[in-house]
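Written below as structure tokens is the structure these notes are about.
The values are calculated or read from the model by the stated rules, or taken from the named source; none is laboratory data. Not measured: the values here are computed from a predicted model. Cβ: placed from backbone, ideal geometry, glycine included. Neighbour counts: every protein chain shown. Heavy atoms of the whole protein, side chains included, go into the accessibility calculation; ligands, DNA and RNA do not. Shrake-Rupley method; radii C 1.70, N 1.55, O 1.52, S 1.80 Å.
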Amino acid sequence: MKIYTKRGDDGTTGLFYGGRIPKDSTGPEAYGTVDEAVAALAMARAEAEGDLGERLLQLQRQLFVVAAELATDPANHHKLESGVSRVTPGMVEEIERWIDELVEDVGMPEQFVVAGRTRLPAQLDLARAVIRRAERRAVTHLRSAGVADSSVVAYLNRLADYVYMLVRAAESEWEPSRSDGGAS
């Protein structure tokens, strides 16, 4: 088996659970941007240590769920598995808990956070910006596909907020709290 199939040479791409669409359609734009977010988080994870690195890996894996849902024709959404290939409200609530814990640990910012003092917060800030773009692309795609019952946009919205708070924490030399079990 070879890594290349040549099926995409005509400018189309395959969807999860079948079908092909143009590569420049709203779906590939959305899940392609999610893929960029995974890569941006990988750059931050390469700089992170301990619990924070594990949390970033968890987020990367959750973004694969987001991408799977976005890469599925709406007619096949019934085939998606919650938490595996479909974003759930519980995934959104989990990130909300992480945000709340982090706000409790480091407080709300009193001014704009300007990342860049060190590599980690700068890379997290880049990831946050890519996640925001993925959110915008997901809104466009889901609207054009007529999908109204997805938690993808809410998930990406909370994820960008969480990563923003991680930037704030990293810029303030925050250390993970042991009471919350990790790097939130």
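Here are the numbers:
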read-out: Protein accessible area in the chain, 1.4 Å probe - carbon and sulfur %; value: 50 percent
read-out: Å² per residue, accessible surface of the chain at 1.4 Å; value: 53 Å²
read-out: Size-normalised alpha-carbon gyration radius of the chain, reference 2.2 N^0.38 Å; value: 1.08
read-out: Cα centroid separation - segment 1-80 against segment 89-115, whole Å; value: 25 Å
read-out: Alpha-carbon Rg with Dmax, taken over segment 1-94, Å; value: 15.2, 44
read-out: Dipole magnitude (debye, nearest 20) for segment 37-157, charges at Cβ of Lys, Arg, Asp, Glu; value: 680 debye
read-out: Extended-chain gain in nm, criterion 0.36 nm per residue less alpha-carbon gap, residue 23 and residue 118; value: 30.6 nm
read-out: Largest to smallest accessible area among 64, 112, 16 [probe 1.4 Å]; value: 112, 64, 16
read-out: Candidates 168, 61, 128, ranked by Gaussian network fluctuation over the chain, Cα under 10 Å, top entry; value: 61
read-out: Sequence of 1, 108 from largest to smallest accessible area, 1.4 Å probe; value: 1, 108
read-out: DSSP H segments from the chain that extend 24 Å or more along their own axis, Cα-based, with Kyte-Doolittle mean of 0.0 or above; value: 26-47, 50-70, 152-171
